[in-house]
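Chemist: Pasting a structure below so you can have a look.
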Amino acid sequence: MLTSDLIRPLLRFQDRNVSVALVDPQDDSLRATAQELIELFLSHLNRSQEAWERALTAYIGPRLDYVLVRGLAKVLSDGATFTPLQATHTPTVVRETMFAYGPVFSGSDMLHPVSRQSVLQSVAADLQLSTNDVESLLFADRHASYLLTDAGPAWTPEALLTRYNLELARGVLYWASQLTIEIADNYKDIWKFIKLFKLMFVAQASASGGYRIELDGPISPFVGATLRYGRQMAAFLPALFLCQQWKMQATVYPPQGRGAMNYQLDSTSDDLQSHFKRSGTFDSRLEADFAHEFEQKIGQRRGKWLLQRESDLLVLGDTVMVPDFVMVDRRNEQRRILIELVGFWHPDYLRRKLEKVRAANCSHLLLLIYKGLNVTEEDFQGITSEVLFFPNKPVMKDVLAKVEEMSQRIYGPAST
C-alpha cells in the first residue's frame, strides 16, 4: 500500500466531505509516464533495491509530479520480490568477523597500521570468501542491498494507473475510525476478508435487501490515533469491489486537522478495480453436484422452487453463517428455506458447524448430512433446524419434500 505521505497531498475537502484525486488511466501523458516507469523498473532485474531507488530519483529529477511518480513506483515495488543475497555466511557473521579486528582506516601508516583493505583480505581468508563477497555481504541484510528477483505482474500502463487509483482510494482509510458498508451479494468473500484482516463488525439486514455492516476496531473508542487499525480497514477495501452492489461510508480524521469527516464510495466508481481473487462458484464437489442435479431435474423455470447460491446469511454475534443455498418460492419470495450441505469429515469442522447451527436457532434452515460422518441424530437434539441424512448424495425428491413440509409449517399454506 502507499505510504501516507503519498496520500496526504491528494486529499480534497468540501464541507465535511473528503475525497482523493484519482487519475485517468486513459490519459496519454500519464500512460507514457507509467510505461517509462515500467521499463525502468524491468531494467533493474537482478540489481539492488538501492540501485532502483537511485534510478528513480534520477528519473524524477526536477519533475513537479513527483508524488504521482513515487506512488506509481511504490505500486511497482510492492508487487515485486526483492531477495537477500545468498551466501554460505550471513551478514551478521561477516560483520562480527570484520569488527573483531578493531578500528580500520582507508590507508595504513605509522599511526594507523591496519587498513580496511588488509582486514577485508584477512576476513576473506577466515571465511573462505573473496574480498568482493565480503564487501557485498557486509550489509547485505539491509533492504537496500536486496536484489530485484521478480518484477511481479506483467504491468501495462493502464493496469498500473488503475491499481494506483485503488491504492489512493484505500489510503484515505488510514485515518478512519469506523467503516460502514452495504452489500447485497458475495457474502462469503466479504466475511473471508473481514476475518483475514481481523476486523470487528456489527451486521444487520437492510430494508432494501442485503446487509449493512459496521466495521470497528478494539482501540478506536479509546484513543485518538487510529492509524494502525485504519490500515486494516484500508487493506480490506478491495474486497468490496468483488460485490456487484455496494456502498461504503467512513468516518476519517485527516492529518490536516479538520476533525471528523465523511468519506464515501460506491459500486458506480468505475475507476476502482479489485486485485483480490473471487472465490469459486462452489466450495466442494458435493455443492456443485447438488446444484447440477437441481438444474437437471427441476430447473429454474420449472416447478415451484428457485435455487439461489449463498444469497442469505445468518448473523451469529461475532461471526456469521452463510448457508450454501436458498430455496425461494417462485410465487412468494418471502417463503425461503435455507440449505446447508454437511459433507466434510474433519472433526473440528463438524464441531464448529454444530456450534453455528445451535447459535443460529433457525427454524427455516435445512441441514443435509452425509451418513458417513461421525454424527448421529442424537448430536442434533435440541436444534431448531431440520436435519435430513443421505447415504451417498442428497435425493432431490426427498429434499423438495422436506422443503415443502417446512414451508407449510413455518409460513402456512401457500397462496394460489
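Taken together, the values in this text are just the output of simple stated rules run on the coordinates, not laboratory data. Note that the coordinates shown come from a computational prediction; the quantities given were computed from them, not determined experimentally. Every residue, glycine among them, receives a Cβ derived from its backbone with ideal geometry; neighbour counts consider all protein chains shown.
Chemist: Helix 66-78 against the longest principal axis of the chain: what's the angle in degrees, Cα atoms only, rounded to the nearest 10?
Modeler: 70
Chemist: For a protection proxy built on the mean count of beta-carbon atoms within 10 angstrom, sort 169-175, 406-412 highest first, please.
Modeler: Going by the mean number of other Cβ atoms within 10 Å, highest first, we get 169-175, 406-412.
Chemist: With a sphere of radius 12 Å drawn around the Cβ of Ala288, what net charge do the other residues whose Cβ falls strictly inside it have (Lys, Arg +1; Asp, Glu -1)?
Modeler: -3
Chemist: Relative contact order, percent, of the chain when contacts are C-alpha pairs under 8 Å separated by at least 6 residues?
Modeler: Computed value for the chain: 13 percent relative contact order.
Chemist: Could you tell me how many degrees, from 0 to 90 and to the nearest 10, lie between the Cα long axis of helix 187-196 and the main elongation axis, the longest principal axis, of the Cα atoms of the chain?
Modeler: Helix 187-196 sits at roughly 40 degrees to that axis.
Chemist: Shifting gears a bit: Kindly give the semi-axes, whole Å and largest first, of the ellipsoid equivalent to segment 91-140, taking each as the square root of 5 times a Cα gyration tensor eigenvalue.
Modeler: The three semi-axes for segment 91-140 are 19, 10, 9 Å.
Chemist: Let me ask you something else. Just to check I understand the Karplus step: with θ = phi - 60° and J = 6.51 cos²θ - 1.76 cosθ + 1.60, what whole-Hz values come out for segment 3-14, glycine and proline as x?
Modeler: Ordered by residue, 3J(HN,Hα) equals 6, 4, 5, 8, 9, 3, x, 9, 6, 10, 10, 8 Hz.
Chemist: Return the sequence-ordered ³J(HN,Hα) values of segment 304-315 in whole Hz as given by the Karplus equation 6.51 cos²θ - 1.76 cosθ + 1.60 applied to θ = phi - 60°, using x for Gly and Pro.
Modeler: With coefficients 6.51, -1.76 and 1.60, one gets 8, 10, 9, 10, 10, 9, 6, 9, 10, 9, 10, 7 Hz.
Chemist: Could you state the angle between the C-alpha long axis of helix 285-297 and the longest principal axis of the C-alpha atoms of the chain, as a value from 0 to 90 degrees rounded to the nearest 10?
Modeler: Relative to the chain, helix 285-297 is tipped by roughly 40 degrees.
Chemist: Positive end of the dipole of the chain, charges at C-beta (+1 Lys, Arg; -1 Asp, Glu), about the Cα centre: which of Val403, Phe13, Leu45 has its Cα farthest in that direction?
Modeler: The Cα lying farthest towards the positive end belongs to Val403.
Chemist: For Cα pairs less than 8 Å apart in space and 6+ apart in sequence, what is the mean separation divided by the residue count of segment 285-411, i.e. the relative contact order in percent? Write down the numbers at each step before the final one.
Modeler: On the way: 172 pairs, mean separation 25.2, N = 127.
Result for segment 285-411 is 20 percent.
Chemist: While we're here: Strictly greater than 17 Å: what percent of every Cα pair in segment 364-416 meets that?
Modeler: Of all Cα-Cα pairs in segment 364-416, 43 percent lie more than 17 Å apart.
Chemist: Still on this structure, I have one more. Per residue Cα convex hull volume for segment 285-411, in cubic angstrom?
Modeler: 106
Chemist: Excluding Val328 itself, calculate the net charge of residues whose Cβ lies under 12 Å from the Cβ of Val328, where each Lys or Arg counts +1 and each Asp or Glu counts -1.
Modeler: Here the count lands on +3.
Chemist: Just going by the charge dipole of the chain, with Lys and Arg at +1 and Asp and Glu at -1 on Cβ, which of Phe282, Pro238, Val114 is farthest out on the positive end?
Modeler: My answer, from the dipole projection, is Phe282.
Chemist: Moving to a separate point now. Work through the residues other than Glu377 whose Cβ is under 14 Å from its Cβ and net out their charges, Lys, Arg +1 and Asp, Glu -1.
Modeler: -2
Chemist: Would you mind calculating the relative contact order of segment 117-222 from Cα pairs under 8 angstrom and at least 6 residues apart, reporting the percent as a whole number?
Modeler: 19
Chemist: Rounded to the nearest 500, what is the 222 nm mean residue ellipticity of the chain from helices alone, with -39500 (n - 2.57) per DSSP H run of 4+ residues and division by all residues?
Modeler: Taken over the chain, the calculation gives -11000 deg cm²/dmol.
Chemist: Pull up the DSSP beta bridges for segment 277-416 and report the antiparallel fraction as a percent, rounded to 5.
Modeler: 55
Chemist: Could you size up the charge dipole of the chain around its Cα centre, putting +1 on the beta carbon of Lys and Arg and -1 on that of Asp and Glu, and report it in debye to the nearest 20?
Modeler: Charge dipole of the chain: 960 debye, to the nearest 20.
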